[in-house]
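Let me begin by presenting the structure, written as structure tokens, before commenting on it.
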Amino acid sequence: MSLKLIRRKNKEGKPSGNYFARGAVAGHNVYQSTGTSKRSEAEAWANRLETKLRERHAFGAKATLTFAEAAHEYMLAGGEGRFLAPILEHFGADTLVETIGNDTLLEAAAKVYPDAAPATINRQLIGPVSAVIAMAAENGRANARKFRRLSVKNARTRWLTPAEFERLLTNAADHLAPILACLIGTGCRASEALGAEVDNWHPATGELWLPETKNGHARMVQMPERARDLILAAGVPEDGQLFQTPKGQGYIMRHNGGGQIQTAFNTARDNAGLGPEVTPHVIRHTWATWYYAATKDYGRMLDLGGWRTASTAERYRKNSPADLPAKLLKAGWNFHRLGADLPDQVERRAGLRAV
């Protein structure tokens with residue numbers, strides 16, 4: 001073995017702590033911690049590293065890049081790591097990127113997600129693996145390829161009618177109602193709404209700046225008058241997060257979260273007589289359906305919804321009856337007047353008096 005194992009000395013001059021591998025292999029200078037204080041484990045670690053460096057020198061980086069290495073680089077670059085832990089555990093430290101194909105992913109799905117639906121496997125296994133290898137390919141570290149996704153026969157088609165949403169809103173707890181108003185008014189994800197800051201909200205125009213989103217692309221969303229007024233009626237904190245818990249505190253943000261309101265949402269949903277298929281994310285589907293039905297502005301729907309591709313947005317916009325726009329206006333959801341065109345409260349009060 002070309003690499004030598006050494007240990008640093010403590011204050012008393014005695015070796016202590018983890019072993020370090022030091023030396024030169026195939027033109028690479030090495031000085032790395034083995035992560036263990038056991039000699040046998042350190043030797044095994046150093047042998048694996050030396051073998052990997054020699055193979056990389058002989059066959060090239062693309063042929064010897066491991067999925068673990070590619071995933072590490074992907075997360076360091078800010079990639080989504082939410083579903084990678086079980087995938088990394090399955091592949092281990094030595095699975096090469098070049099050996100991963102459609103058959104490999106089917107085998108992984110059977111072991112990692114044996115009872116999962118195709119949509120879950122696409123989202124939590126095939127999608128993350130594709131993203132990791134795509135970034136490695138962009139960096140010249142792997143060969144580009146595409147992975148076949150599983151066919152999803154029963155895609156989500158649920159969206160709420162104005163009457164159904166009204167029942168949900170009526171049964172919502174006081175702290176939940178303004179959040180629901182934001183979700184249905186802007187189409188933002190629950191995690192984006194819960195992380196929204198007071199300083200980024202502009203009540204005069206009903207606009208909300210979202211600096212941190214799921215796909216990493218900040219955007220300004222716009223809400224109709226009724227959503228804005230529901231938020232104002234609930235009371236807006238002087239600073240901090242726009243929406244708060246029943247204890248008057250900001251929500252603790254979780255990576256890719258939104259589940260903080262699940263209990264309150266489920267209670268409102270059940271009391272409203274809606275089924276378990278109705279989740280907070282269904283409201284995002286509902287917003288896309290409502291917005292397009294009211295405006296027929298597909299491009300603007302993509303921008304406000306934060307979708308990067310039309311194919312993704314198409315899964316959210318549902319077929320709706322021809323009278324939906326009229327029902328939306330009757331319920332107070334006017335998606336034609338947004339942003340600078342949003343009625344101010346003076347105009348709204350005058351309109352109410354006229355009626």
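All of the numbers you see were taken from the coordinates with simple rules; none came from a lab. Computed from a predicted structure; not experimentally measured. We place every Cβ from the backbone using ideal geometry, glycine too, and count neighbours over all the protein chains shown.
Order these by the 10 Å Cβ neighbour count, fewest first: Tyr292, Tyr31, Tyr113.
Going from least to most buried by this count: Tyr31, Tyr113, Tyr292.
Mind telling me which of Thr267, Thr51, Thr286 comes out most flexible in a GNM of the chain, alpha-carbon contacts under 10 Å?
Of Thr267, Thr51, Thr286, the most mobile in the Gaussian network model is Thr51.
What does the C-alpha gyration tensor say about the overall shape of the chain? Classify as rounded when a/c is under 1.5, otherwise prolate if a/b is larger than b/c, or oblate.
Taking the square roots of the gyration eigenvalues as a ≥ b ≥ c, the chain is prolate.
Take the Cβ-Cβ distance between His202 and Leu169 as r, set R0 to 25 Å, and report the resulting FRET efficiency rounded to the nearest 0.05.
Rounded to the nearest 0.05, the efficiency is 0.65.
Kindly write out, for segment 282-287 in residue order, the coupling ³J(HN,Hα) from the Karplus curve 6.51 cos²θ - 1.76 cosθ + 1.60 (θ = phi - 60°), rounded to whole Hz, with x marking Gly and Pro.
4, 5, 5, 5, 5, 4
Between Asn143 and Ala310, what length comes free when the chain is fully extended (0.36 nm per residue of separation minus the Cα-Cα distance, one decimal in nm)?
57.4 nm
Of Ile87, Tyr316, Thr279, whose Cα points farthest to the positive end of the dipole of the chain (charges on the beta-carbon: +1 Lys, Arg; -1 Asp, Glu; origin at the Cα centre)?
Looking along the dipole axis, the top candidate is Ile87.
Using helices alone, I'd like the mean residue ellipticity at 222 nm for the chain: each DSSP H run of four-plus residues gives -39500 (n - 2.57), total over residue count, nearest 500.
-13000 deg cm²/dmol
Using Cα positions and a limit of under 25 Å, work out the lysines in reach of Lys4, with same-chain residues fewer than 8 apart set aside.
Once the sequence-local lysines are set aside, what remains near Lys4 is Lys14, Lys38, Lys52.
Between rounded, prolate and oblate, where does segment 162-354 land on the alpha carbon gyration tensor, with a ≥ b ≥ c its root eigenvalues, rounded for a/c under 1.5, else prolate if a/b exceeds b/c?
Rounded, since a/c falls under 1.5.
If you place +1 on the Cβ of every Lys and Arg, -1 on the Cβ of every Asp and Glu, and leave all else neutral, what size is the dipole of segment 71-221 about its Cα centre, to the nearest 20 Debye?
The dipole of segment 71-221 has a size of about 640 debye.
To the nearest 20 debye, what is the magnitude of the charge dipole of segment 162-354 about its Cα centre, counting +1 on the Cβ of each Lys and Arg and -1 on the Cβ of each Asp and Glu?
I would put it at about 520 debye.
Compute a Gaussian network model of the chain, connecting alpha carbons closer than 10 Å, and tell me which residue from Arg219, Arg189, Arg123 fluctuates the most.
The residue with the greatest mean-square fluctuation here is Arg123.
Which angle from 0 to 90°, rounded to the nearest 10, does the C-alpha axis of helix 127-138 make with the longest principal axis of the chain?
Between helix and principal axis, roughly 60 degrees.
Please work out the C-alpha center-to-center distance from segment 117-174 to segment 291-327 and express it in whole Å.
18
Ranking Ser40, Ser16 by Cβ neighbours within 10 Å, fewest first, what do you get?
Ser40, Ser16
Give the order of Ile121, Ile6, Ile184 when sorted by the count of other beta carbons within 10 angstrom, beginning with the fewest.
Ascending Cβ contact count within 10 Å gives the list Ile6, Ile121, Ile184.
Which of Asn18, Asn139, Asn319 ends up with the largest GNM mean-square fluctuation for the chain, with Cα atoms connected below 10 Å?
Sorting by GNM fluctuation, first place goes to Asn18.
List the GluC sites (Glu not before Pro) within segment 196-288 that DSSP assigns to loop and that have no more than 16 neighbouring Cβ atoms inside 10 Å.
Loop-located and lightly packed - Glu212, Glu238, Glu277.
Contact order normalised by length for the chain, with contacts defined as Cα pairs under 8 Å and 6 or more residues apart; what percent is it?
RCO, the chain: 13 percent.
For Lys318, list the lysines whose Cα falls under 26 Å from its own Cα; do not include residues on the same chain fewer than 8 positions away.
Filter leaves Lys153, Lys214, Lys296, Lys327, Lys330.
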